[in-house]
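Report on the following structure.
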Amino acid sequence: MTSTPTPAGAPPIDVTDVSVVLGTSLILSGIDLTVGEGESVALLGANGSGKSTLVKTILGLHPVSSGTVRLFGRDVADRRTVPWDRVGYVPQRVGASSGVPATALEVVRSGLLSPSRPFADRGRAARQRALAALDAVGLADRAQDHVQVFSGGQSQRVLIARALVRSPDLLLLDEPLAGIDRASRESLAVTLAGLRDQGLTLLTVLHEMGELTDVVERAVVLAEGRVVFDGPKSRLAHDHARHDELGHDRPDNCEHAHEHGSTEPAAHHAPVLTTSVQQAGGAQ
Ligand SMILES: Nc1ncnc2c1ncn2[C@@H]1O[C@H](COP(=O)(O)OP(=O)(O)O)[C@@H](O)[C@H]1O
Ligand SMILES: [Mg+2]
């Protein structure tokens, strides 16, 4: 499903020296992050460290103050050149689902819509694709049920199906484990492992790796808008162990205070950004 020819061999995500200012605050600073085809990367860090901002910047939803973001070799600042069909996005869930009554099938079909294809969710082919996406997350038998009655974990899987319906090559997920019960987290881990095994490139924002430890190969840790760790997850675990041996408190958010490369002051704000994240769900 590639509508735009992209430079051969270009990595799915290529972030070069990116800084982002929101309001008057420097939220991301000097971020370098390349994610190659088929990689599964966890983006970790404390609340407010800039994870969601980075994901949205990767999707071109926040303008960069400096640096460049490329998806499949295309600069996201030039939105029309980006092959959005290849990119799926599961935004951070905010509270309960909206009051609009919709079945799981309708929610997933809506993932086919785009400004250039206003009727793409209609017809038999769209229905088949949506059912296949629901099947991929283990909810084919719930297609006609209203999402309002779904548990947090089931709702999360519907959102993943919505992101999968266009058969993306790259999937970005923002805190998919947050607020769902353990059984749902485990079944999500199975779903994501299956997608990774099919060759999908995954960038998953996590508060901690938890049930997704086996799905992730590489960890990137943000603190105060900077990358403070980027390496194999095994090294992250090792560094944590050393941190404990040294008698430091182990931050539960995997922040590596001892690796800070900068004394840049943290940007402190009241939490903002809630509904706009969901509205951006189609990454269009
Ligand atoms: N639109 C915005 N305007 C101003 N500040 C923002 C905006 N969005 C996020 N921030 C601030 O940026 C910082 C990082 O937020 P966020 O990326 O949501 O962190 P995380 O996802 O790691 O919890 C926080 O201090 C947050 O308050
Ligand atoms: Mg966030």
* Give the number of residues within segment 31-58 that are touching a Leu at 6+ places or on another chain (Cβ under 7 Å) and in a loop (DSSP other than H, G, I, E, B). => 2
* Report the residue count in segment 1-29 for those that are in contact with an Asp or Glu (Cβ under 8 Å, 6 or more places away or on another chain), surrounded by fewer than 17 Cβ atoms within 10 Å (Cβ to Cβ) and small (Gly, Ala, Ser). => 1
* Does segment 69-85 include one or more residues that are more than 21 Å from SER155 (Cβ to Cβ), more than 16 Å from ligand 2 (Cβ to nearest atom), touching a residue at least 60 places away in the same chain (Cβ under 8 Å) and of a type in the set (Lys, Arg)? -> yes
* Would you mind telling me which numbered condition in (1) in a strand (DSSP E or B); (2) touching a Ser or Thr at 6+ places or on another chain (Cβ under 7 Å); (3) more than 16 Å from ligand 2 (Cβ to nearest atom) VAL64 fails? => (1)
* Structure fact -> Over segment 211-233, the set of residues charged (D, E, K, R) and without any contact (Cβ under 8 Å) to a residue 60 or more places away in the chain is GLU211, ASP214
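Regarding segment 5-15, can at least one residue be identified that is of a type outside the set (Asp, Glu) and assigned to a strand (DSSP E or B)?
Filtering segment 5-15 down to residues of a type outside the set (Asp, Glu) leaves 5-13, 15.
From what is left, the residues that are assigned to a strand (DSSP E or B) are 13, 15.
Among the residues of segment 5-15, at least one is of a type outside the set (Asp, Glu) and assigned to a strand (DSSP E or B), which makes the answer yes.
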* Among the residues of segment 218-228, is any closer than 26 Å to ILE13 by Cα and at pLDDT below 50? -> no
* Might you check whether a residue that is free of Cβ contacts under 8 Å to residues at least 40 places away in the same chain, in contact with a Ser or Thr (Cβ under 7 Å, 6 or more places away or on another chain) and either away from ligand 2 (no atom under 16 Å from the Cβ) or of a type in the set (A, V, I, L, M) (or both) occurs anywhere in segment 117-137? => yes
* Read through the list (1) within 25 Å of SER114 (Cα to Cα); (2) more than 16 Å from ligand 1 (Cβ to nearest atom); (3) buried (at least 22 other Cβ atoms within 10 Å of the Cβ), then give the number of the only condition that ASP75 fails. => (3)
* Could you run through segment 24-68 and say how many residues are within 12 Å of ligand 1 (Cβ to nearest atom) and without any contact (Cβ under 8 Å) to a residue 24 or more places away in the chain? => 1
* Structure fact -> For segment 185-209, pairs from a residue that is within 17 Å of VAL165 (Cα to Cα) to a residue that is of a type in the set (Lys, Arg) and part of a helix (DSSP H, G or I), with Cβ under 8 Å and 6 or more apart or across chains, are LEU188/ARG157; THR191/ARG157; LEU202/ARG196
* To do: Of the numbered conditions (1) at pLDDT below 95; (2) within 13 Å of ligand 2 (Cβ to nearest atom); (3) buried (at least 17 other Cβ atoms within 10 Å of the Cβ), VAL94 fails exactly one; give the number of that condition.
  => (3)
* Asked: In the set LEU159, LEU171, LEU177, which member is assigned to a strand (DSSP E or B), of a type in the set (A, V, I, L, M, F, W, C), under 15 Å from the mean Cα position of the chain (by Cα) and closer than 30 Å to SER19 by Cβ?
  -> LEU171
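What about GLY88, is it under 24 Å from ALA161 (Cα atoms) and either in a loop (DSSP other than H, G, I, E, B) or near ligand 1 (Cβ under 8 Å from one of its atoms) (or both)?
Details: under 24 Å from ALA161 (Cα atoms): yes; either in a loop (DSSP other than H, G, I, E, B) or near ligand 1 (Cβ under 8 Å from one of its atoms) (or both): no.
Considered against the rule, which asks whether it is under 24 Å from ALA161 (Cα atoms) and either in a loop (DSSP other than H, G, I, E, B) or near ligand 1 (Cβ under 8 Å from one of its atoms) (or both), GLY88 comes out as no.
The values are calculated or read from the model by the stated rules, or taken from the named source; none is laboratory data. All values reported here derive from a predicted model rather than from experimental measurement. A quick note on method: Cβ atoms are made from the backbone with ideal geometry, for glycine too, and the neighbour counts reach across all protein chains shown.
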